[in-house]
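Student: Below is one structure. I have some questions about it.
The values are calculated or read from the model by the stated rules, or taken from the named source; none is laboratory data. Please read all numbers here as calculations on a predicted model, not as lab measurements. Glycine also receives a Cβ, built like all others from the backbone with ideal geometry; neighbour counts cover every protein chain displayed.
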Amino acid sequence: MYNETVARLTYRALLGRRRAILLSILPGLLILIAIAVRAIGGADDRVTEEVLGGFGLAAMVPLIGVIAGTGAIAPEIDDGSIVYLLSKPLPRRTIILTKLWVAIAVTMLFTTVPVLLAGMIMNGNSQQIAGAYTLAAAVASIAYSAVFLLLGTVSRNAVVFGLIYSLIWETLFGSIVSGARTLSVQQWSLSLAERVAADGTGVTSDVALPTAVILLAAVTVAGTWYAIRRLTVLTVAADD
Amino acid sequence: MTIPRQTADARIHDIGYRRYEGARLGARYARYSLFVHSLRGAFGLGRPARSKVLPWGLFAVMALPAVIMVAVASTTGTDELLIDHTRYALSMEPIVVLFLAMAAPQLVSLDLRYKTMPLYFSRPITRADYVTAKFAALVGALFLFTGLPLTISYVGGLLAELGFADQTTGYLQGLVATAVLSVLYAGIALLVASFTPRRGFGVAAVIAVLTIPGFAVYPLQALMETQDSEGAIGWFGLFSPASLVDGIQAAFLGGTTGFPAGVQPTTLQGIASLLAVAGLVALCLALLLRRYRKAGI
């Protein structure tokens, strides 16, 4: 179910050269903002929520999820080098599960650490805000990785569709149509954060906790299952 | 190998090759062709059907609010549109950015990936011509993409008799704001896309560069609001493309900003925004020219 070599290759593809820079721009920016906020305004719970929720969870986590999730498999399918992996005596299930594991690990590393750090810098985890958002980022990392890994096996435009989901569906439609918020990984993970954070903070979600947990699990499992299914029937075509 | 001796009856046969004697259209025509080809490519024209899905799908999403706005205004009988013309493109910013992220790598990354650059430069065009043609095409595509919905709502507004003078000034101001946005966004997107031959990477990079500053600026502006230093909100607006355009349209084109607490920028901040946009566009073009200095690439 887990293969060292596949994992090593995927880590290298994800963290090698320019991708690692792209991945660390956002966390770096979050920490810079956190330092600036603390230096200018001192500890303030509402601003902490604004930064961690508005920048961290709404922008940073999905974008890193897109880069890591699609980057774990899409480039290999795109340039056809996946055949070298497929021709090895490895179940394709193992390939997907290993890549999913790596994508989750990378997304979590690049999201939870900076969120926790930024939260600590801004208000020293008062009212459990930093902890709550860190948990939300961790849970969202798992779901995003599964969804975007699936996208990578389904479409050649995986990055675009991933960004359409995270930018247009979650951000634009989520702010206009409240119904769209029920179907958003961000809101599901926020409902866990709501539980952790102290009462009366601005950490709220539109989705009830049991629903959110069930939906998160369902999306992760179904996404992974279908990604395995897609890879088992994959034919490598050279066009475009 | 022995060299065959020249004999008296040796001759080169005329096998019918012909010289080109038609009109030579020159660099200007090559530039124009490159512009038209790129402009069409941005909308997927002249490409397979599945390349047309995303640009036209995004355009439909972009134009939909304009149609709805007009329908609402004409049934309720108000003479105010829901979204100001000057803020229309900004309020649909994610769509605009996605369109650019599809179009910019299409224009430049593919030329790098398939190594067609030497072919371009074997025509009578220079790298300045190439950069200007691509830049003009992307600006044009973006202007059409954002300007046509405005035109739809303007024409619809006139048909719904919303007041000719109001609508026309609003529409013209909206076009100017759209033009500023197009030039700035196209410059940044083209520069970012020109650095990678891989389309997927280009798409992600364009979106990241265009949206992340906005995500970073807004919480800082919100922080300034809690600190009661509202003058600083406008200055922070200088640090992201969206808030730059927002500041300009609010300062000079009679719009209102989407800044926290609805703070309006001062004239000084407006001028600074204009200068920043001009500087950024000039910088992008200069860097693009530098990028294509090496012919081999």
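Student: Out of A:Leu97, A:Leu90, A:Leu109, A:Leu117, I need the residue that is under 18 Å from A:Val154 (Cβ atoms), away from every other protein chain (no Cβ under 14 Å) and not acidic (Asp, Glu). Which one?
Tutor: Answer to the check: A:Leu97.
Student: Further question on the same structure: Suppose the filter is among the charged types (D, E, K, R), in contact (Cβ under 8 Å) with a residue 60 or more places away in the chain and under 22 Å from B:Ser182 (Cα atoms); does B:Arg113 pass it?
Tutor: When the stated conditions are applied, B:Arg113 does not pass them.
Student: Taking only region B:40-55 into account, find how many residues are surrounded by 12 or more Cβ atoms within 10 Å (Cβ to Cβ), away from chain A (no Cβ under 12 Å) and in a helix (DSSP H, G or I).
Tutor: Adding up the residues that qualify gives 4.
Student: When you scan region B:73-91, how many residues do you find that are of a type in the set (A, V, I, L, M, F, W, C) and over 17 Å from B:Leu244 (Cβ atoms)?
Tutor: 4
Student: Being of a type in the set (A, V, I, L, M) and in contact with a Leu (Cβ under 6 Å, 6 or more places away or on another chain): is that true of B:Ala205 here?
Tutor: Considered against the rule, which asks whether it is of a type in the set (A, V, I, L, M) and in contact with a Leu (Cβ under 6 Å, 6 or more places away or on another chain), B:Ala205 comes out as no.
Student: Let me ask something additional. Looking at this structure, is A:Thr153 free of Cβ contacts under 8 Å to residues at least 60 places away in the same chain and among the polar types (S, T, N, Q)? Explain how you work it out, then say what you get.
Tutor: Numbers: free of Cβ contacts under 8 Å to residues at least 60 places away in the same chain: no; among the polar types (S, T, N, Q): yes.
So A:Thr153 does not fit the description; no.
Student: Looking at B:Leu175, B:Leu142, can you tell me which residue is under 23 Å from B:Leu45 (Cβ atoms) and either touching a residue at least 24 places away in the same chain (Cβ under 8 Å) or within 14 Å of chain A (Cβ to nearest Cβ) (or both)?
Tutor: Working: B:Leu175 fails: under 23 Å from B:Leu45 (Cβ atoms).
Result of the check over B:Leu175, B:Leu142: B:Leu142.
Student: Just to verify a result, which residue in region A:209-240, among those that are more than 21 Å from A:Tyr144 (Cβ to Cβ) and among the aliphatic types (A, V, I, L, M), is modelled with the lowest pLDDT?
Tutor: A:Ala238
Student: Residues being under 15 Å from the mean Cα position of the chain (by Cα) and within 7 Å of chain B (Cβ to nearest Cβ): count how many of those fall in region A:26-41.
Tutor: 1
Student: Out of the residues in region A:42-58 that are more than 8 Å from chain B (Cβ to nearest Cβ) and more than 17 Å from the chain's Cα centre (by Cα), which is surrounded by the most Cβ atoms within 10 Å (Cβ to Cβ)?
Tutor: The qualifying residue surrounded by the most Cβ atoms within 10 Å (Cβ to Cβ) is A:Thr48.
Student: For a quick check of your reading: which helices (runs of 4 or more DSSP H) sit entirely within region A:65-163 and have at least 2 residues that are at pLDDT 90 or above and buried (at least 24 other Cβ atoms within 10 Å of the Cβ)?
Tutor: Details: elements: A:74-79, A:82-86, A:92-123, A:129-154, A:158-163.
Here the list reads A:92-123, A:129-154.
Student: If you don't mind, another one. Could you look through region B:166-197, keep only residues that are touching a Ser or Thr at 6+ places or on another chain (Cβ under 7 Å) and modelled with pLDDT under 90, and pick out the one that is surrounded by the most Cβ atoms within 10 Å (Cβ to Cβ)?
Tutor: Filtering first and then ranking leaves B:Thr196.
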